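Heads up, the thing below is written out as structure tokens.
The values are calculated or read from the model by the stated rules, or taken from the named source; none is laboratory data. What you see is a predicted model, and the numbers here were worked out from it, not measured in a lab. Please note: Cβ atoms are built from the backbone with ideal geometry, for glycine as well, and neighbour counts cover all protein chains shown.
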């Protein structure tokens, strides 16, 4: 299970190093699936966790084709090298506004990959929605 936030830096080639604590589970097959998320980040899934999401997307009604196109049209299998690095293709980096400073946010079965500035803005917006509005208590 992935949780927590790890601040990372993309190298000059657009590679990120997966955190050691997540490397074995996230990239057990030497591959990770990356796709665009409508919130302005990328999602990174181990292939075994991505397959049911992909299948669920394909079962959505035709009226959801724009959303399905947004996600599946951007999805790519990315190789993880022996050092645990993943090259994020330029097209995906552009979609997520990824420059250099980024953050990996754990979401249970996957990670979100955010540009740090975008994540800060998204978190500020989330704080505006109070916990009471969500019917959740700690």
task = Can you tell me which residue within the range 93-114, out of those that are part of a helix (DSSP H, G or I) and in contact with a strand residue (DSSP E or B) (Cβ under 6 Å, 6 or more places away or on another chain), is surrounded by the most Cβ atoms within 10 Å (Cβ to Cβ)?
result = 96
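With the requirement that a residue be buried (at least 16 other Cβ atoms within 10 Å of the Cβ) and either in contact with a helix residue (DSSP H, G or I) (Cβ under 7 Å, 6 or more places away or on another chain) or farther than 11 Å from residue 112 by Cα (or both), what does the range 32-43 give you? Explain how you work it out, then say what you get.
In the first step, residues of the range 32-43 are kept if they are buried (at least 16 other Cβ atoms within 10 Å of the Cβ); the result is 32-37, 40-43.
Hits for the range 32-43 are 32, 33, 34, 35, 36, 40, 41, 42.
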ask   = Residues in the range 1-31 that are surrounded by 14 or more Cβ atoms within 10 Å (Cβ to Cβ) and more than 20 Å from residue 116 (Cα to Cα): how many?
value = 5
inquiry  = Going residue by residue through the range 28-47, is there one that turns out to be outside any strand (DSSP E or B), without any contact (Cβ under 8 Å) to a residue 12 or more places away in the chain and more than 17 Å from residue 102 (Cβ to Cβ)?
reply    = no
task = Could you list, in sequence order, all residues of the range 1-27 that are touching a helix residue (DSSP H, G or I) at 6+ places or on another chain (Cβ under 7 Å) and closer than 18 Å to residue 79 by Cβ?
result = 14, 18
query = Restricting the search to the range 1-14, which residues are under 14 Å from the mean Cα position of the chain (by Cα) and modelled with pLDDT of 90 or more?
reply = 3, 4, 5, 6, 7, 8
